[in-house]
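Let me begin by presenting the structure, written as structure tokens, before commenting on it.
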């Protein structure tokens, strides 16, 4: 593992330990509207501060909460808490997302961590994506379920017509509410669908973990699937709804 990836792991460990100690009342307070467009919570800002401490030596940070922090040739794109509404509701599907982009615009590393169960997913630019556990020093290739019967539809609550269309085609799904995590688990489900405004904070690291899968990225939707036929079937449904 590179020094950068090791720093990402250390940052995630520190955040996870803080969460384990108990949620501070200040974490529930909303402050300013972040660079990503959502209101930042104290929890988001706590995690951001930890990442700044560990990752600032590696380049400028572009955070969903505070925008550009620091300077440097490389850009580190972070979502300090992916699924912060889940975390604040104590719903166990939330984590962090980090992607390092070099001066030439090439991805150098991606790290997505599920803080609720310790799953961590890592990809360096010259290697395959691997996964492990946050407090262990062992990694293996990404797991895959060949018998999945459900997909993941992020932002389903805002897309009632697409919900009906998927139901009509018997394309079952869940909508857990943490985009980077859902992409990290893409091999374990039938498909991952996001319909809404594309924000780099949500996708920079997660999509890097989807190498080798069928990936369709448009300004207003993202589709990922192990099965090319399923991905294009969903794309056709979206096209029909636009008519």
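The values are calculated or read from the model by the stated rules, or taken from the named source; none is laboratory data. On a predicted model such as this, the values are computed, not experimentally measured, just so you know. All Cβ positions, glycine included, derive from the backbone under ideal geometry; neighbour counts span all protein chains shown.
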Out of all the residues in the range 105-124, is one or more in contact with a strand residue (DSSP E or B) (Cβ under 6 Å, 6 or more places away or on another chain), without any contact (Cβ under 8 Å) to a residue 60 or more places away in the chain and within 20 Å of residue 189 (Cα to Cα)? no
As an exercise: evaluate residue 145 against (1) buried (at least 21 other Cβ atoms within 10 Å of the Cβ); (2) modelled with pLDDT under 95 and give the number of the one condition it does not meet. (1)
Can you find, within the range 208-219, the residue that is surrounded by the most Cβ atoms within 10 Å (Cβ to Cβ) among those that are in contact with a helix residue (DSSP H, G or I) (Cβ under 6 Å, 6 or more places away or on another chain) and over 17 Å from residue 234 (Cα atoms)? 209
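Right, residue 163: at pLDDT 95 or above and at negative phi or not?
Values: at pLDDT 95 or above: yes; at negative phi: yes.
Yes, satisfied.
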From 207, 237, residue being closer than 27 Å to residue 86 by Cα, in the same structural domain as residue 160 (by TED's automatic domain parsing), at pLDDT 95 or above and in a helix (DSSP H, G or I): 207
Find the residue count for the range 149-174, including only residues that are under 30 Å from residue 15 (Cβ atoms) and loosely packed, with under 15 Cβ neighbours inside 10 Å. 4
So is residue 49 modelled with pLDDT of 95 or more and more than 24 Å from residue 130 (Cβ to Cβ) or not? yes
Enumeration of residues in the range 182-198 that are out of contact with any strand residue (DSSP E or B) (no Cβ under 9 Å at 6 or more places or on another chain) and at pLDDT below 95: 197
